[in-house]
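Bear in mind these aren't lab numbers, they're just calculated from the coordinates by the rules spelled out. Remember, it's a predicted structure, so these values are computed and weren't measured experimentally. Virtual Cβ from ideal backbone geometry, glycine too; neighbours counted across all protein chains shown.
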Amino acid sequence: LFVGMYAVPSTYDFAEVQAMQTDVLVNGVIRQIGVYVDASNYVASMTTSLQAQAAALDVLKMPLSIILGANILAATDITSLTDLSAYSNNKVSVVISQDNGGQGLALWKATGKSITTLGATLGAVALAAVNEDIAWVGKFNLSNGVELESVGFCNGASGLSASALDAIDLKRYIFLRKFPNLAGSFFNDSHTAIVKSSDYAYIENNRVIDKAIRGVDTALIPSLNSPLLLNANGTLANSTIAYLESQAVVVTNDMVRNGEASAIGVLINPNQNVASTSKVIVTINIVPVGVARNIQVNIGFKTSL
């Protein structure tokens with residue numbers, strides 16, 4: 001666990017995210033980071049600034065997922081928050097729920113600022129396998145019977161109607177919810193700030209890709225500047241292709257074996273003219289693990305079975 005506390009900037013560009021990840025003592029090992037902002041009111045454009053930091057870290061091959069908890073006390077109507085599906089910030093999620101009966105509520109009353117469930121969300125993401133949705137009811141009950149047993153939103157709202165909760169969910173915010181026939185408190189989903197149809201619409205999608213990137217990068221780095229045997233026409237020899245693919249496959253097979261992906265294919269086009277480019281292009285295709293976001297049960301009487 002790394003903790004960074006920073007002075008309030010004149011403008012939030014969240015450069016601290018990159019500063020923490022690239023710190024010599026950290027060296028890119030952070031997989032998920034929570035960002036808490038209490039000195040300025042939440043605006044959806046914060047997700048764009050955070051995405052810029054994540055994109056810069058992607059280039060450095062230090063990918064991570066970002067979860068934002070901010071002061072939303074000014075939003076008297078929580079359903080009026082900006083729709084995050086209009087953004088393209090797949091590495092960023094916004095959590096807006098809050099404890100409504102324990103220490104979270106006490107802190108909210110004492111400070112007059114949104115406390116959020118940022119810490120609980122960050123902990124759930126860290127606990128989850130990279131392919132797991134933190135809204136998995138059977139694994140992620142956030143209540144211990146006292147803390148997070150009563151839940152609401154970080155502007156003080158609680159007891160919202162099912163239609164209001166659906167409206168907030170459609171805007172792709174993360175919050176805690178209750179089920180009528182099950183004890184506990186559970187996340188609504190693992191949304192990121194991007195349209196639902198995106199391949200990267202959920203935290204777990206990004207974490208699977210990030211793990212594959214890190215693993216394959218580590219596997220192939222030893223081959224940098226190594227000799228490449230070629231065919232007479234300048235294309236890659238089968239032995240060269242087989243060797244490079246075998247290095248990446250070790251990582252991808254492990255992910256499939258661990259249930260983090262359904263299937264992963266590694267492909268190197270043999271017709272690449274590497275003699276002139278000195279570049280080998282490796283293509284990796286991932287079939288993700290599905291998530292049962294809805295379960296429909298049709299039930300009724302019959303005279304016989």
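Structure remark: mean-square fluctuation, Gaussian network model of the chain, C-alpha springs under 10 Å; the largest value among Leu224, Leu105, Leu57 belongs to Leu224.
The helix-only estimate of mean residue ellipticity at 222 nm for the chain, built from DSSP H runs of length n ≥ 4 each weighted as -39500 (n - 2.57), is -9500 deg cm²/dmol after division by the residue total. Here the chain is treated with +1 on each Lys and Arg Cβ and -1 on each Asp and Glu Cβ, and its dipole about the Cα centre works out to around 340 debye. Put simply, region 1-147 fits an ellipsoid with semi-axes of 24, 20, 16 Å; these come from the alpha carbon gyration tensor as the roots of five times its eigenvalues, largest first. Under 28 Å of direct C-alpha separation, and excluding same-chain neighbours fewer than eight residues apart, Lys211 reaches these lysines: Lys61, Lys91, Lys139, Lys171, Lys196, Lys279.
The label-point distance for Asn238 and Val8, in a model that sets each label 7 Å from Cα toward Cβ, rounds to 6.8 nm.
Peptides 201-210, 91-100 ranked from most to least packed, by the mean per-residue count of other Cβ atoms within 10 Å: 91-100, 201-210.
Mean sequence separation of contacting Cα pairs (under 8 Å, at least six apart), scaled by the length of the chain, corresponds to a relative contact order of 15 percent. The orientation-averaged shadow of the Cα convex hull for the chain, equal to a quarter of the hull surface, comes to 21.8 nm².
With the cut-off at under 18 Å, measuring from each backbone N in region 207-245 to a point 7 Å along the Cα-to-Cβ line of Ser276 picks out 230-237. Multiplying the residue separation of Lys109 and Val146 by 0.36 nm and subtracting their alpha-carbon distance yields 11.6 nm.
The magnitude of the dipole of region 79-215, with charges of +1 and -1 set on the Cβ of Lys/Arg and Asp/Glu and taken from the Cα centre, is near 220 debye. Does a label point 7 Å from the Cα of Ser262, set along Cα-to-beta-carbon, have any residues of region 123-162 with amide nitrogen under 17 Å, and which are they? Within reach of a label on Ser262, which here means backbone N under 17 Å from a point 7 Å along Cα→Cβ, region 123-162 contributes 131-133. A crude spin-label estimate for the pair Ala19 and Asn225, with each label 7 Å from Cα along the Cβ direction, gives 3.4 nm. Note on Ala129 and Val43: the extension gain reaches 27.9 nm, defined as 0.36 nm multiplied by sequence separation minus the Cα-Cα distance. Placing R0 at 35 angstrom, the Cβ-Cβ distance between Ser161 and Lys302 gives a FRET efficiency of 0.50 after rounding to 0.05.
The largest-to-smallest principal axis extents of the Cα set in region 182-305 are 74, 38, 26 Å. Between 0 and 90 degrees, the angle of helix 203-220 with respect to the longest Cα principal axis of the chain falls at about 30 degrees.
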